[in-house]
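Readers should treat all values here as calculations from the given coordinates under stated rules, not as data from a laboratory. Just so it is clear, the model here is predicted, and its values are computed rather than measured. Cβ atoms come from the backbone with ideal geometry, glycine included; neighbour counts cover every protein chain shown.
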Amino acid sequence: MNQIQMLQQQLEQRMPELELRPGEPMSRHTTFRVGGPAALMACPRETEELVEAVKLARELEVPTVVVGNGSNLLVDDQGVNAFVVKTVPQYSKCQIQGSEVTAQSGILLSQLATRAAEAGLTGLEFAHGIPGSLGGGVTMNAGAYGGEMVQVVTKVGVLLPSGEVEEWEAQRCQFRYRHSAFSDGKHLVLWAKLRLQPGQPDAIRETMRDLAAKRREKQPLEYPSAGSTFKRPEGHFAAALIDQCGLKGLRVGGAMVSEKHAGFVVNAGGATCSDVLRLMDQIRERVFQATGVELEPEVKYVK
Ligand SMILES: Cc1cc2nc3c(=O)[nH]c(=O)nc-3n(C[C@H](O)[C@H](O)[C@H](O)COP(=O)(O)OP(=O)(O)OC[C@H]3O[C@@H](n4cnc5c(N)ncnc54)[C@H](O)[C@@H]3O)c2cc1C
């Protein structure tokens, strides 16, 4: 019996309520629709369940990967040889008190923004169209249209590598462009508290509708993808550089540089992870040769 099977056996004995899915195809859990099976997936509903399961995995030295909505993930064709903790959609309780919103990490940013709008709270409109979870958004310091998670997050509930749970002030979270203290994969976001401002529900909804229309116009939302494939290089825009090199429509197998937005690699049909990785390599090489700019992936590759 290997470590992962041992983990499964112990979880089944100690936590019969915990939903476990051995060999779950990750292509069902990534917006790229790519990726082989997770050795073992768990879908915890409660914080205690999540914490205990991760602690047990760490005791057995089984690597753990947390997955939110899989909208920034590229999973290897061979799958993930790890314990995958999936937070979306079930780990998603949310509470609003005055202008403070507290929610578990598996709530979708779109749902959170809608809840905030219903409560007459402004500040989260930018996140409504980002197809990720709160945990993924905090970890990536996700942002769009002038907004970024760092502007609204005040506190984060963190599961430390030691297994302890701490409440961190935002200043401690090392938020930078598409980066946070949680990007190391060892610190896990359990919940986050956001501070918003009072606003008019109708105006908030209108802003969200306008931003959604902008996305539909500019982004290839009709294809599976993981959003912007590369980070914005200092002083440049990745999409503009890729376009300038004439790479729109470039294909490897089922992976293609979007014709609509050169910053997106899309799954044009039947793409494998290896197709996407090979295409990303070609893009990086051609952009570097032509412009001297090194593109850094924004999507997280997991195996
Ligand atoms: C069509 C499209 C448009 C997009 N537009 C934008 C955009 O405008 N702005 C933007 O910033 N991004 C955008 N993205 C990318 C993506 O939606 C964001 O990065 C989002 O925040 C990822 O959240 P997720 O829940 O899907 O995370 P996942 O993809 O599941 O995970 C991303 C990373 O976060 C880690 N993670 C997830 N949950 C936790 C947790 N609870 N604790 C610790 N680590 C965790 C994962 O291990 C992984 O390393 C877009 C993606 C798509 C497909």
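Taking the conditions exactly as written (in contact (Cβ under 8 Å) with a residue 12 or more places away in the chain, acidic (Asp, Glu) and within 17 Å of residue 33 (Cα to Cα)), does residue 275 satisfy them or not? Judged against the criteria, residue 275 is a match. Quick one: is residue 92 crowded, with 23+ Cβ neighbours inside 10 Å and in a loop (DSSP other than H, G, I, E, B)? Considered against the rule, which asks whether it is crowded, with 23+ Cβ neighbours inside 10 Å and in a loop (DSSP other than H, G, I, E, B), residue 92 comes out as no.
Which one is surrounded by the most Cβ atoms within 10 Å (Cβ to Cβ) among residues in region 244-258 that are more than 19 Å from residue 231 (Cα to Cα) and in contact with a Gly (Cβ under 9 Å, 6 or more places away or on another chain)? Within region 244-258, the match that is surrounded by the most Cβ atoms within 10 Å (Cβ to Cβ) is 254. If only residues of region 101-114 that are away from the ligand (no atom under 13 Å from the Cβ) and within 28 Å of residue 52 (Cβ to Cβ) are counted, the one that is surrounded by the fewest Cβ atoms within 10 Å (Cβ to Cβ) is 102. For the structure I just gave you, tell me whether residue 218 is of a type in the set (Lys, Arg), surrounded by fewer than 20 Cβ atoms within 10 Å (Cβ to Cβ) and more than 18 Å from residue 67 (Cβ to Cβ). So residue 218 fits the description; yes.
In summary, residue 234 fulfils each of the numbered conditions (1) among the acidic types (Asp, Glu); (2) closer than 27 Å to residue 176 by Cβ; (3) surrounded by fewer than 18 Cβ atoms within 10 Å (Cβ to Cβ); (4) in contact (Cβ under 8 Å) with a residue 12 or more places away in the chain with the single exception of condition (4). Criterion first (free of Cβ contacts under 8 Å to residues at least 24 places away in the same chain and under 22 Å from residue 229 (Cβ atoms)) does residue 28 satisfy it? Taking the combined requirement at face value, the residue satisfies it.
Contact map, region 285-299: first residue within 22 Å of residue 225 (Cα to Cα), second residue within 16 Å of the ligand (Cβ to nearest atom) and among the small types (Gly, Ala, Ser), Cβ cut-off under 6 Å, separation 6 or more or different chains; pairs are 295/238; 298/228; 299/226.
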